[in-house]
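Everything below concerns the one structure shown next.
The values are calculated or read from the model by the stated rules, or taken from the named source; none is laboratory data. Bear in mind the structure is a predicted one, so any value in this text is a computation, not a measurement. Cβ coordinates were reconstructed from backbone atoms using ideal geometry, including for glycine residues, and neighbour counts include every protein chain displayed.
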Amino acid sequence: MLPTTELALLRRLAGEQADSRAPSLIAAVVRGDEVLWTGARGRVDGERPTPDTQYRIGSITKTFVAVLVMRLRDEGRLDLNDPLDKHLPGTNLGHLTIAQLLAHTGGLTSESPGAWWERAEGGDWAALQNSLTDGVLRHRAGARFHYSNVGYGVLGELVARLRGMSWFEALRAEVLLPLGLTRTTPQPQAPHALGWAVHPYADVLLNEPTPDSGAMAPAGQLWSTVNDLARWTRLLAGDTGEVLHPDTVAEMREPAHVDDADAWTSGYGLGLQAFRDSGRRLSGHGGSMPGFLASVVADPRTTTGALALTNSTSGVPVMVLAFDLLKLVDEYEPALPAEWLPMDGADPDLLALTGPWFWGPVPYALHLLPDGWLNLRPTSGAGRASRFRPEADGTWTGLDGYYAGETLRVSRNPDGTPNHLDLATFIFARSPYDPAAPIPGGVDDQGWRGGR
């Protein structure tokens, strides 16, 4: 990056490390498939931390578990609307759906009963299951967002049951090795940082414990590095490396619930936090365990992401730092739009679908996208717009916006020319209220006329 950009980023990092009294702090910025910048302050074992130094990443672990669950969904092994009992019977929360557990909307208690799980040695699944008795449900399922670490302990066991191996063995085989994340592990491996609590009124440190969380490990056990998390940030932005389809990651990013409904700035999707910051839609996750704080955040629109890791229990706003690093990069070196290139070719039948279509009197335009996809949007720029993916039966399925999941069908004249579009009972004709199209309710036989 330009020296001025690197200086601005380092200044922000250095100021945060000094002001927050972080024993060590390391951060990075990525864009596309490149790590644009890394910076570090403080010491680990007397040396500056490097992009290969491990830190505990806390709840960023949940994003890895969510990817495993979505892989099972994409394989047809489960449906997100399935009740937990269908795949993991015998709990007191079997009526909750897998989607509700992923999105923290099941009303499940936030922490596992007993000793504070983040600082206590964890038991096995049987112990966790037996502890989830009366009172484990705090809210009506689906009523609100209520963050639940327990829910991800349950999802980890769900993965283990369906894969026939531990959740981490599945993660290593299906995700970590294919992406080259060789330094993401359930236990620390040198070089790694020690976790510290910083005294509130003196510049002294207290070492924090890092026990094995047992059945609660899927909620926050993993350790990782800047190098590995840079690749993970790319996945969150859409560069999935065939671990997931990019559409599945986009689905995970969509908020299922928001924290502040009036003008939301933060919410939660399927295992991913969603943010709105300075006009950008961002996705990622924060992490916190005794002695450690972590953040990853990505802007899918520009493929720019940022991450930060520190070995301090509290007081270091790593998510705010990641947001600020993104802002600095956007200000100093904004991402250029992708270069426009023409298609290799287009099916004449698809080209014939393009152009103006009218829902009643409202003009829309249908655009042809690569691979036979379609984009239908109002010509005014405001209103219901969606992209559509072609299906084997000659229909298209909506991917986003109002028509997500709905079916688009093309009705043709005897000569094969398109007559109208049928989209979830909405009829789009080539002219406003075209009497040749099956407009619901019919068209006044007097046609368009002046006066009242």
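In table form, for the structure just shown:
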{"item": "Qualifying residue in the range 218-228 (condition: of a type in the set (D, E, K, R) and without any contact (Cβ under 8 Å) to a residue 12 or more places away in the chain)", "result": "no"}
{"item": "Number of positions in the range 1-55 that are of a type in the set (D, E, K, R), outside any strand (DSSP E or B) and at negative phi", "result": "9"}
{"item": "Residue that is nearest to the chain's Cα centre (by Cα) [pool: residues in the range 393-410 that are over 14 Å from residue 373 (Cβ atoms) and among the acidic types (Asp, Glu)]", "result": "406"}
{"item": "Subset of the range 272-301 that is farther than 25 Å from residue 74 by Cα, in contact with a Leu (Cβ under 7 Å, 6 or more places away or on another chain) and among the hydrophobic types (A, V, I, L, M, F, W, C) - its residue that is surrounded by the most Cβ atoms within 10 Å (Cβ to Cβ)", "result": "294"}
{"item": "Lone qualifier among 2, 78 - being touching a His at 6+ places or on another chain (Cβ under 7 Å), farther than 23 Å from residue 284 by Cα and either modelled with pLDDT of 95 or more or not assigned by TED's automatic domain parsing to the domain that holds residue 245 (or both)", "result": "78"}
{"item": "Pick from the range 232-271, criterion surrounded by fewer than 18 Cβ atoms within 10 Å (Cβ to Cβ) and among the charged types (D, E, K, R), ranking: nearest to residue 112 (Cα to Cα)", "result": "259"}
{"item": "From 171, 101, 158, residue being at pLDDT 95 or above and within 30 Å of residue 33 (Cβ to Cβ)", "result": "171"}
{"item": "Total residues in the range 344-385, condition out of contact with any strand residue (DSSP E or B) (no Cβ under 8 Å at 6 or more places or on another chain) and either in contact (Cβ under 8 Å) with a residue 60 or more places away in the chain or assigned to a loop (DSSP other than H, G, I, E, B) (or both)", "result": "8"}
{"item": "Residue ID - surrounded by the most Cβ atoms within 10 Å (Cβ to Cβ), chosen from residues in the range 90-148 that are in a loop (DSSP other than H, G, I, E, B) and of a type in the set (Phe, Trp, Tyr)", "result": "117"}
{"item": "Among (1) in contact (Cβ under 8 Å) with a residue 24 or more places away in the chain; (2) at negative phi - the single one residue 173 does not satisfy", "result": "(1)"}
{"item": "Leading residue by the ranking (farthest from residue 57 (Cα to Cα)) among those in the range 187-205 that are surrounded by 15 or more Cβ atoms within 10 Å (Cβ to Cβ) and of a type in the set (A, V, I, L, M)", "result": "205"}
{"item": "Any chance residue 156 is under 26 Å from residue 291 (Cβ atoms) and either crowded, with 17+ Cβ neighbours inside 10 Å or over 27 Å from the mean Cα position of the chain (by Cα) (or both)", "result": "yes"}
{"item": "Every residue from the range 10-37 that is out of contact with any helix residue (DSSP H, G or I) (no Cβ under 6 Å at 6 or more places or on another chain) and of a type outside the set (D, E, K, R)", "result": "10, 13, 14, 15, 17, 18, 20, 22, 23, 24, 32, 36"}
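Matching residues to (1) modelled with pLDDT of 95 or more; (2) in contact with a Lys or Arg (Cβ under 8 Å, 6 or more places away or on another chain):
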| site | (1), (2) |
| --- | --- |
| 233 | yes, no |
| 259 | no, no |
| 269 | yes, yes |
| 288 | yes, no |
| 295 | yes, no |
| 317 | yes, no |
| 325 | yes, yes |
